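Trainee: A single structure is presented below for examination.
The values are calculated or read from the model by the stated rules, or taken from the named source; none is laboratory data. On a predicted model such as this, the values are computed, not experimentally measured, just so you know. Every residue, glycine among them, receives a Cβ derived from its backbone with ideal geometry; neighbour counts consider all protein chains shown. Keep in mind that these areas ignore ligands, DNA and RNA; they rest on the heavy atoms of the full protein, side chains included. Shrake-Rupley method; radii C 1.70, N 1.55, O 1.52, S 1.80 Å.
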Amino acid sequence: MLTELKISAIIILLLNGFIIDKLHAQTAFEYHDAKEFLIIGRGFQNSGYSRLPVGDKEKLRPEVWNLSLHSSGIAIRFTTNASTIDLKWKTGANSHFPHAAETLIKGVDLYGIQNGKWFFAGVGKPYDPVYNQYTLVKGMDTTTKEFMLYLPMYETVDSVFIGVEPGAEIRKPSESGFRKLKPIVFYGTSITQGASAMRPGMAYTSLIERHLNIETINLGFSGNGKLEKELGEIMAKIDASCYVIDCGGNLTPALALERTVSFIKYLRQKAAAVPILLVENIFFTHGRFNNSIWPTIDSVNAAFKDAFATLKKQGMEGLYYLPAEKLIGTDGEGTVDGAHLTDVGFMRIADEMEIQLRKILKL
């Protein structure tokens with residue numbers, strides 16, 4: 001009797017092992033290097049997921065160069081008829097911020113398009129400091145759909161592999177899917193880079209990209225958007241439909257006075273026909289109680305106003321100006337710490353920028 005029980009137990013174990021192995025086989029994914037598909041949001045044909053030309057490293061301060069290695073604003077477009085989309089991605093290990101979610105810093109963000117409009121499909125949560133795997137969406141029907149995968153905003157990205165079930169088709173889209181316009185290039189601060197949205201798709205550059213259906217290039221450098229001539233030179237290499245300058249948060253009043261006119265003149269000289277939108281510094285919300293904050297912002301914005309007036313008086317065409325008053329609302333609820341924006345703040349500033357960009361680009 002004991003022997004029969006042992007044999008039965010062995011058979012059950014073997015059967016369970018077979019079933020488990022079978023289930024694993026059925027749910028295994030075939031992974032495809034994301035570089036096989038359409039990479040957008042990258043102004044230069046680098047081999048990886050960085051944002052500035054490799055050859056310009058020596059021209060830049062190390063702080064700017066190191067931030068340019070973050071994949072901020074870069075996304076992968078692909079089509080698939082898979083019912084499930086899985087992802088493996090590798091990032092650097094060091095980025096952590098007390099005012100930002102890991103889903104923004106190291107996570108990925110998937111959107112799908114339906115009837116010409118982009119909708120959130122899934123987020124990749126980073127549980128490991130470097131190597132992550134996450135199922136972004138499952139349970140879909142197997143009609144062919146187009147997706148856009150935003151990469152991490154505050155981390156380097158070494159590799160990205162998109163997984164679908166065996167036999168499913170995944171390929172590069174036949175067209176970009178965007179309007180037949182050149183990309184909009186944004187140069188700015190940590191806010192431009194994406195701090196502190198909950199996930200990459202909620203940065204204002206990402207929101208504008210989906211709402212206007214125009215590719216955007218994110219040249220936001222946390223703490224280092226300082227109107228340096230070298231960045232003007234690099235921006236001018238990108239064949240753009242518009243340049244947006246949003247550097248107020250990283251400028252002292254003195255730097256704003258010193259650099260705004262010369263930076264815009266240099267950019268206009270290098271890219272004569274491209275419209276330029278100069279954006280005022282938002283009013284940091286804790287300035288309602290900290291009496292030293294808003295006077296400094298007023299001084300920076302006054303320098304911007306003077307620069308704009310001077311350049312227009314000198315006859316510069318294609319230069320536009322966006323005041324700060326409406327950018328993030330007046331209720332004080334648009335930031336996480338007074339300066340860096342929540343999703344609410346990003347949606348508000350994106351809406352205001354879109355109004356101006358639609359006028360500039362005649363959309």
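Trainee: For S159 and E258, FRET efficiency with R0 = 56 Å and r from the beta-carbon atoms, rounded to 0.05?
Mentor: Working from the Cβ atoms, E equals 0.85.
Trainee: Ignoring ligands and nucleic acids, what accessible area does E352 show with a 1.4 Å probe (Å², nearest 10)?
Mentor: 50 Å²
Trainee: What spacing in nm lies between the two simple spin-label points modelled at E325 and D337, each 7 Å away from Cα in the Cβ direction?
Mentor: Here the answer is 3.0 nm between the modelled labels.
Trainee: Within 10 Å of each candidate Cβ there may be at most 10 other Cβ atoms; applying that plus a DSSP loop requirement, which trypsin sites (Lys or Arg not before Pro) in segment 299-363 survive?
Mentor: Listed in order of number, the matching sites are K362.
Trainee: Compute the label zone of E30 within segment 79-118: residues whose backbone N is under 19 Å from the point 7 Å along Cα-to-Cβ.
Mentor: 79-88
Trainee: Right, something else. Between W294 and D306, what length comes free when the chain is fully extended (0.36 nm per residue of separation minus the Cα-Cα distance, one decimal in nm)?
Mentor: Difference between extended and current length: 2.5 nm.
Trainee: I've got another one for you. Please get the size of the charge dipole for the chain, origin at its Cα centre, with Cβ charges of +1 on Lys and Arg and -1 on Asp and Glu, quoted in debye to the nearest 20.
Mentor: 900 debye
Trainee: If r is the Cβ-Cβ distance from H96 to S47 and R0 is 22 Å, what FRET efficiency results, to the nearest 0.05?
Mentor: The formula returns an efficiency of 0.20 here.
Trainee: Charges only on Cβ, +1 for Lys and Arg, -1 for Asp and Glu: so what's the dipole of segment 220-268 about the Cα centre, in debye to the nearest 20?
Mentor: The calculation lands at about 120 debye.
Trainee: Moving to a separate point now. Of A256, N218, C242, which is farthest on the positive side of the dipole of segment 208-262, counting Cα position, with +1 on Lys and Arg Cβ, -1 on Asp and Glu Cβ, and the Cα centre as origin?
Mentor: A256
Trainee: If you don't mind, there's one more thing I want to ask. When only DSSP loop residues count, what trypsin sites (Lys or Arg not before Pro) in segment 173-253 have their Cβ near at most 12 other Cβ atoms within 10 Å?
Mentor: Counting only loop positions with at most 12 other Cβ atoms within 10 Å, the trypsin sites (Lys or Arg not before Pro) in segment 173-253 are K180.
Trainee: Ordered by residue, what ³J(HN,Hα) values in Hz, to whole numbers, does segment 214-224 give under the Karplus form 6.51 cos²θ - 1.76 cosθ + 1.60, where θ = phi - 60° and Gly and Pro are x?
Mentor: Once rounded to whole Hz, the list reads 10, 4, 10, 10, 9, 10, x, 10, 3, x, 9.
Trainee: Okay, next question. So for the chain: antiparallel DSSP bridges make up what percent, rounded to the nearest 5?
Mentor: Of all bridge pairs located within the chain, approximately 70 percent are antiparallel.
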